[in-house]
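**Q** Handing you this structure, nothing more for now.
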Amino acid sequence: MKIVVVGGGFAGLACAKALGGSEHDVVVIDKSNHNLFQPLLYQVATGALSPADIAEPIRKLLKRYPNVTVLLGEVAGIDPDQHQVRLQDGTTLSYNVLVLATGARYQYFGHEEWAQAAPGLKTIANARDIRGRLLRAFELAELSQDKQEQQRLTTTVVIGGGPTGVEMAGAIAELGRWTLKDEFRRIDPACARVLLVEGGERILGQFPAELAQYATEQLARLGVTVLTGRRVRDVTAQGVTIDEEFVPAGTIVWGAGVAATPVAQWLGLPPGPGGRVAVDRHLAVKGVSDIYALGDIALLEQDGQPLPGLAQVAKQQGEYLGRALRQGWEAAGEFRFHDRGNTAVIGRHAAIFDFGRIKLKGRIAWLLWAIVHVYLLVSFEKRLLVSLQWLWRYVTRARGVRLIP
Ligand SMILES: Cc1cc2nc3c(=O)[nH]c(=O)nc-3n(C[C@H](O)[C@H](O)[C@H](O)COP(=O)(O)OP(=O)(O)OC[C@H]3O[C@@H](n4cnc5c(N)ncnc54)[C@H](O)[C@@H]3O)c2cc1C
């Protein structure tokens, strides 16, 4: 059987690995040549890690499976009747079974023009771009003779109070207060402003209130101003309008909303919430045959709630589907997500971990967060590299990748 897997992220890679060595002919297509560990992307954006620390070529990760072929290509359409996938360059590929795992992308609630001034954090290119903007803003502030302009340039607004927004805000504050401190003569990076803007009543809506409260206090300790229940009305290169107030800013980061890649459109199906496609308990897309959807693009309810867009959901779905396609549905049973806990880090010695009944915060959660993230990295080489750099940064507070591209 020919199985085409579109996307070599958390879900697609797990599925391809589970099918590795089977009798099936597996083709993995991805528009980028690497698998990316997105949970640590904010550390690339703030100069703590370099892109290669958290990315690995998909080809390398699958090289040990002779039945798996990896292709670099961007899927642009699907013909479910003909069982064909169309790539951007016009090439077509036939399949017996199609596995879609193309993930999510940032959405700007109908204001796509904001993306220019407020990039989201999804790819290595985004992380490099944000790192460049942050560091350049401090350089331009040092060059400027105008106090107001210096203040604007050293103000960063992070939009969206989910885990990515919190992690970015905390890391940017640490960058100014610890890493860049004492390196400038005309400005004081320790006085740089960081604002975190959230439309909901509190940050970290998916975490219990007590953990979100702790995160808010820790952000305040780092000097981050957390604004909740506030709406972003406009974003320009000069700053952000929050409700009626204009906040001049040198760097703006978007972390407010994501939507699935356009799989529903490719399949001619009505998109569900967040653009996702509905799947059954075998992860088969409802309304078409021989097509499965995994990870951030799949809409599946469990215990009355849609499963969240998390790496652990994507990975478990990929492993399940690979196993099911290999061993049959009877052996695999139905998919069920097992929650291994939800975490976010705010800064040095400050993280939260929610295991349901057990809730951790502070130093223990921070240590656990670090151990789990190192463990989840895709190879031993990356685990070693990241551990060493974190150890060095822990001792020196330095960030080694402060390059403006
Ligand atoms: C900054 C950030 C931080 C995060 N932190 C956490 C965290 O701490 N914990 C957690 O559990 N989750 C976290 N997440 C969410 C987690 O990364 C996602 O839930 C997970 O990546 C989803 O896996 P996926 O396989 O569905 O998609 P992805 O991992 O995004 O993979 C999708 C793949 O499809 C490819 N692709 C996309 N479109 C096409 C196309 N048209 N043709 C070919 N290939 C295509 C992409 O190149 C990519 O390789 C974070 C996400 C981000 C952006």
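The values are calculated or read from the model by the stated rules, or taken from the named source; none is laboratory data. In this text the structure is predicted, and so the values were computed from the model without any measurement. Cβ: placed from backbone, ideal geometry, glycine included. Neighbour counts: every protein chain shown. Just so you know, the surface numbers come from the protein's heavy atoms only, side chains and all, with ligands and any DNA or RNA stripped out. Shrake-Rupley method; radii C 1.70, N 1.55, O 1.52, S 1.80 Å.
**Q** Could you tell me which residue of segment 143-159 is surrounded by the most Cβ atoms within 10 Å (Cβ to Cβ), considering only residues that are among the aliphatic types (A, V, I, L, M) and under 21 Å from W114 (Cβ atoms)? Give the steps one after another, and end with the answer.
**A** Taking segment 143-159 as the starting set, the residues that turn out to be among the aliphatic types (A, V, I, L, M) are 143, 153, 157-159.
Then drop every residue that is not under 21 Å from W114 (Cβ atoms), which leaves 153, 157-159.
Details: L153: 24, V157: 26, V158: 32, I159: 26.
Of everything passing the filter in segment 143-159, V158 is surrounded by the most Cβ atoms within 10 Å (Cβ to Cβ).
**Q** With a cut-off of at least 1 residues that are away from the ligand (no atom under 15 Å from the Cβ), within 25 Å of V4 (Cα to Cα) and open to solvent by 80 Å² or more (accessible area, probe 1.4 Å), name the helices (runs of 4 or more DSSP H) lying wholly within segment 307-405.
**A** Those helices (runs of 4 or more DSSP H) span 311-327, 329-332.
**Q** Then there is this: How many of the residues making up segment 80-129 are within 15 Å of the ligand (Cβ to nearest atom), farther than 30 Å from G239 by Cα, in a loop (DSSP other than H, G, I, E, B) and open to solvent by 60 Å² or more (accessible area, probe 1.4 Å)?
**A** So the count comes out to 3.
**Q** What are the residues in segment 68-79 that are open to solvent by 30 Å² or more (accessible area, probe 1.4 Å) and more than 17 Å from S32 (Cβ to Cβ), if any?
**A** D79
**Q** Under 8 Å between Cβ atoms, at least 6 apart or on separate chains: pull out the pairs that start in segment 19-44 with a residue that is within 16 Å of L98 (Cβ to Cβ) and touching a residue at least 60 places away in the same chain (Cβ under 8 Å) and end on any residue that is away from the ligand (no atom under 15 Å from the Cβ) and assigned to a helix (DSSP H, G or I).
**A** Partner pairs satisfying both residue conditions: L19/L325; L19/R326; H24/L325; H24/R326.
**Q** Report whether or not I159 is of a type in the set (A, V, I, L, M) and within 18 Å of V240 (Cβ to Cβ).
**A** Answer is yes for this residue.
**Q** Within segment 30-45, track down each residue that is touching an Asp or Glu at 6+ places or on another chain (Cβ under 8 Å), open to solvent by less than 10 Å² (accessible area, probe 1.4 Å) and either at pLDDT below 95 or within 9 Å of the ligand (Cβ to nearest atom) (or both).
**A** Answer for segment 30-45, where residues must be touching an Asp or Glu at 6+ places or on another chain (Cβ under 8 Å), open to solvent by less than 10 Å² (accessible area, probe 1.4 Å) and either at pLDDT below 95 or within 9 Å of the ligand (Cβ to nearest atom) (or both): just L40.
**Q** Find the strands (runs of 3 or more DSSP E) located wholly in segment 201-282 whose residues include 2 or more that are small (G, A, S), and list them.
**A** In segment 201-282, 258-260 are the strands (runs of 3 or more DSSP E) which contain 2 or more residues that are small (G, A, S).
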